[in-house]
1. Which members of region 128-150 meet the condition of being in a loop (DSSP other than H, G, I, E, B), out of contact with any Lys or Arg (no Cβ under 9 Å at 6 or more places or on another chain) and touching a residue at least 40 places away in the same chain (Cβ under 8 Å)?
2. Filter region 32-46 down to residues that are more than 14 Å from ASP16 (Cα to Cα), of a type outside the set (Lys, Arg) and touching a residue at least 24 places away in the same chain (Cβ under 8 Å), then give me how many there are.
3. Could you say which residue among THR104, THR80, THR69, THR144 is within 20 Å of the chain's Cα centre (by Cα) and over 19 Å from TRP17 (Cα atoms)?
4. Kindly indicate whether any position in region 61-81 is under 20 Å from ARG35 (Cα atoms), surrounded by fewer than 14 Cβ atoms within 10 Å (Cβ to Cβ), out of contact with any Lys or Arg (no Cβ under 7 Å at 6 or more places or on another chain) and modelled with pLDDT of 95 or more.
5. What number of residues within region 19-61 satisfy the criterion of being touching a strand residue (DSSP E or B) at 6+ places or on another chain (Cβ under 8 Å), under 23 Å from PRO123 (Cβ atoms) and in a loop (DSSP other than H, G, I, E, B)?
6. How many residues are of a type outside the set (Gly, Ala, Ser) and exposed (fewer than 12 other Cβ atoms within 10 Å of the Cβ) if we restrict to region 19-41?
7. Give the residues of region 106-124 that are in contact with a strand residue (DSSP E or B) (Cβ under 8 Å, 6 or more places away or on another chain), in a loop (DSSP other than H, G, I, E, B) and more than 15 Å from GLN51 (Cβ to Cβ), sorted by residue number.
Amino acid sequence: MLSGLRSLAGIAAQDDWVLVHDAARPCLPLADLQRFVDSIKAGGVGGLLAQRVNDTIKRVGIDHLVEETLDRESLWRAQTPQMFRWSELSSALEQSLDKRLPVTDEASAMEQAGYDVQVVEGPSCNLKVTVPDDLRVAEYYLKTWAVKRT
């Protein structure tokens, strides 16, 4: 990601928006993408799509014993796309690299650098394809949408 941002130096303005989307999330409807972009621009603060956690979440120790049940009211599952100002995201990723901080997504780099990050609720169909079962679910969504368009 950082290499791509660096390649925009001299091309992108400091306050240009950069939209980052994970290719492993192929099922984002265009209407949800547009709603996300509009929400970020209206808020003026970069952010990410995310989905509320509706399962009961347990913190488990290395011994596989439950240590705690977390309050899911404030928990969200991060998704992509994520959208931030070019200069801020570049700076945040550079800082994370320099400090050798773990970065699991662009939003985590922005958080570590002290930036506010807003959440826009995303759709459940915006799943991340990581295991074979995910491919079947993605195929279902994509085929269903293709049928609706014909």
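1. Step one: list which residues in region 128-150 are in a loop (DSSP other than H, G, I, E, B), which gives 128-131, 150.
Those still in the list that are out of contact with any Lys or Arg (no Cβ under 9 Å at 6 or more places or on another chain) too: 130-131, 150.
Answer for region 128-150, where residues must be in a loop (DSSP other than H, G, I, E, B), out of contact with any Lys or Arg (no Cβ under 9 Å at 6 or more places or on another chain) and touching a residue at least 40 places away in the same chain (Cβ under 8 Å): just THR130.
2. 5
3. Working: THR80 fails: over 19 Å from TRP17 (Cα atoms); THR69 fails: within 20 Å of the chain's Cα centre (by Cα); THR144 fails: within 20 Å of the chain's Cα centre (by Cα).
Just a single option satisfies the conditions, and that option is THR104.
4. First, pick out the residues of region 61-81 that are under 20 Å from ARG35 (Cα atoms): 76-81.
Filter again for surrounded by fewer than 14 Cβ atoms within 10 Å (Cβ to Cβ), leaving none.
Within region 61-81, not a single residue is under 20 Å from ARG35 (Cα atoms), surrounded by fewer than 14 Cβ atoms within 10 Å (Cβ to Cβ), out of contact with any Lys or Arg (no Cβ under 7 Å at 6 or more places or on another chain) and modelled with pLDDT of 95 or more.
5. Of region 19-61, the ones touching a strand residue (DSSP E or B) at 6+ places or on another chain (Cβ under 8 Å) are 19-22, 25, 28, 32-33, 35-37, 39-41, 43, 45-53, 56-61.
Next, only the ones that are under 23 Å from PRO123 (Cβ atoms) stay: 19-22, 25, 28, 32-33, 35-37, 39-41, 43, 45-53, 56-57.
Checking which are in a loop (DSSP other than H, G, I, E, B) leaves us with 21-22, 25, 28, 45-46, 53, 56.
Here the count works out to 8.
6. Going through region 19-41, the residues of a type outside the set (Gly, Ala, Ser) turn out to be 19-22, 25-30, 32-38, 40-41.
Add one more test, that the residue is exposed (fewer than 12 other Cβ atoms within 10 Å of the Cβ), and what stays is 30, 34, 38, 41.
Residues meeting the conditions: 4.
7. To start, the set of residues in region 106-124 that are in contact with a strand residue (DSSP E or B) (Cβ under 8 Å, 6 or more places away or on another chain) comprises 106-107, 110, 115, 117-124.
Restricting the remaining residues to those that are in a loop (DSSP other than H, G, I, E, B) gives 115, 117, 122-124.
Hits for region 106-124 are TYR115, VAL117.
This table checks each residue for (1) of a type outside the set (Val, Ile, Thr); (2) assigned to a loop (DSSP other than H, G, I, E, B).
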position	(1), (2)
ASP63	yes, yes
GLU68	yes, no
GLU73	yes, no
PRO81	yes, no
SER91	yes, no
ASP98	yes, no
THR104	no, yes
ASN126	yes, yes
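The values are calculated or read from the model by the stated rules, or taken from the named source; none is laboratory data. Nothing here was measured: the structure is a model prediction, and the numbers come from that model. Ideal geometry is used to build each Cβ from the backbone, glycine not excepted, and the neighbour counts take in all protein chains shown.
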